[in-house]
Amino acid sequence: MNRPPGVEFHTFTIVGRCDRTGMFGVATATRSLAVGARVPHVKSQTGAIAIMAIADPRLGTAALQFLEQGYKAPTVIDQLVAMDPYAEYRQLGVIDDDGFAAARTGKMNRDYAGHHVGDSYIALGNVLVGEHVLDAIEEGFLTDPSDDLEGRLMCALEFGRDAGGQHGGQQSAALLVCDTKPFPRVDLRVDVHEEPVGELRRVFDVFRPAIPYYSLRLVDARVPPLDRWLEKNLGE
């Protein structure tokens, strides 16, 4: 049997939208390399998508285009399936600008594979050690609704890892979040690491205090260098 086009990702992922701020994001971890290059697709004021299993990033581009044309998440899933002869090898998750969420796990995904769809979020994965990993991802995402979206997504990914993640462990992880600006608020990747979720947490904790700094620098080029700004504003 011919293999479908794409790179195989044995993956667990959280796709989310913050109803309070309108931010969209995806956090994901996998056994394969450089998951951030293929699985997460997010666009400001448009939506968030995860393309998984035999991941074909062209489907992510198409999904964002469908969302921009006004299609809602369930219809976007239908459109992707209709255009893809290898749909049963894919795992898809889509959240639109109204917070509607939809997902599909193709029949050729390896066990355990499945998805949980909630209010403005999707937990999904394949080649997992069990469905309890999805339960843990949900629990992590819902732990602190007052937190910024990137914090909630990061927490969900850690809960999924701590529940066992996928067979064979992980080698790469990524966190991608967009707010109202036409570029990512957070775009962090660990392309290869023996414990990528832990490394992503380390990088995220370093980067997180700088998020308002980079927003400020957009409107005022006179802001001081980051280290001086952090020292003045955060005492670091």
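Since every read-out is calculated from the coordinates, none of them should be taken as a lab result. Bear in mind that the values here come from a model prediction, so they are computed numbers and not experimental data. With ideal geometry, Cβ positions are generated from the backbone for all residues, glycine too; neighbour counts draw on all protein chains shown.
Details
- Full-extension gain in nm, SER215 to LEU33, via 0.36 nm per residue minus C-alpha separation: 62.5 nm
- Candidate aspartates and glutamates - alpha carbon under 14 Å from LYS43, same-chain residues fewer than 8 apart omitted: GLU68, ASP96, ASP97, ASP98, ASP179, ASP187
- Counting every C-alpha pair in segment 44-105, the share spaced more than 15 angstrom apart comes to 37%.
- Sequence-distant lysines (8 or more away, or on other chains) whose Cα lies within less than 26 Å of LYS107: LYS72
- If you take the alpha carbon atoms of the chain and fit the smallest convex hull around them, that volume is 120 Å³ per residue.
- At an R0 of 45 angstrom, the distance between the Cβ atoms of ASP135 and ARG222 translates into a FRET efficiency of 0.40.
- Exposure proxy ranking, count of Cβ atoms within 10 Å, fewest first, for PHE207, PHE24: PHE207, PHE24
- Modelled label reach - HIS167, point 7 Å along Cα→Cβ, segment 9-29 residues with backbone N closer than 20 Å: 9-13, 29
- Efficiency of FRET from Cβ geometry, ASP187 and ASN233, R₀ 22 Å, rounded to 0.05: 0.45
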